[in-house]
Amino acid sequence: MKEKWVPYTAYLLDRSILKPVLIMLQVNLFIKARSYIRKGIVLISSVLILLMISFMSVQLNIVEFKEWAFWLEAIYLLCLNLIGLISYTLFNKIRGGSRD
């Protein structure tokens, strides 16, 4: 019985804790970066790190892609990072300040 719960627990940790924390870290690093080149490097490296985590999840049989591919996962993770950045921008505008 325990063997069935281990992959599901790993999946929940990945989905609910690891990816959101890494995206928050990426948003923080993106905001602290001064040049557009560094911002691009932060965004691309964040997507690559999250993609490596997805690849490891597939290799360890935690998740299985059915009718899904890594390039779709890369687009999904890029959109997820952009949603995090847009959310920060909107919350910052609502709060009425700059947090640099």
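The values are calculated or read from the model by the stated rules, or taken from the named source; none is laboratory data. Here the structure is a predicted model, which is why all the values come from computation and not from measurement. We place every Cβ from the backbone using ideal geometry, glycine too, and count neighbours over all the protein chains shown. Note: areas computed on protein heavy atoms with side chains; ligands, DNA, RNA excluded. Shrake-Rupley method; radii C 1.70, N 1.55, O 1.52, S 1.80 Å.
For segment 50-100, name all the residues that are of a type in the set (A, V, I, L, M, F, W, C), open to solvent by less than 40 Å² (accessible area, probe 1.4 Å) and out of contact with any helix residue (DSSP H, G or I) (no Cβ under 9 Å at 6 or more places or on another chain). Within segment 50-100, just Ala69 meets the criteria.
Yes or no, residue by residue, for (1) closer than 26 Å to Ile86 by Cα; (2) among the aliphatic types (A, V, I, L, M); (3) touching a residue at least 24 places away in the same chain (Cβ under 8 Å):
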position: Ala10; (1), (2), (3): no, yes, yes
position: Leu18; (1), (2), (3): yes, yes, yes
position: Val27; (1), (2), (3): yes, yes, yes
position: Ile37; (1), (2), (3): yes, yes, no
position: Gly40; (1), (2), (3): yes, no, no
position: Ser45; (1), (2), (3): yes, no, no
position: Phe55; (1), (2), (3): no, no, no
position: Lys66; (1), (2), (3): no, no, no
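Pairs meeting the criteria (first residue in segment 69-81 and more than 14 Å from Val58 (Cα to Cα), second residue small (Gly, Ala, Ser) and open to solvent by less than 30 Å² (accessible area, probe 1.4 Å), beta carbons under 6 Å, at least 6 apart or on different chains) are Asn81/Ser46. Filtered by the rule that a residue be under 20 Å from Trp71 (Cα atoms) and of a type in the set (Val, Ile, Thr), segment 23-45 gives Ile23, Ile41, Val42, Ile44. Any residue at all in segment 20-31 that's at pLDDT 90 or above, of a type in the set (Phe, Trp, Tyr), open to solvent by less than 100 Å² (accessible area, probe 1.4 Å) and part of a helix (DSSP H, G or I)? Yes: segment 20-31 contains one or more residues that are at pLDDT 90 or above, of a type in the set (Phe, Trp, Tyr), open to solvent by less than 100 Å² (accessible area, probe 1.4 Å) and part of a helix (DSSP H, G or I).
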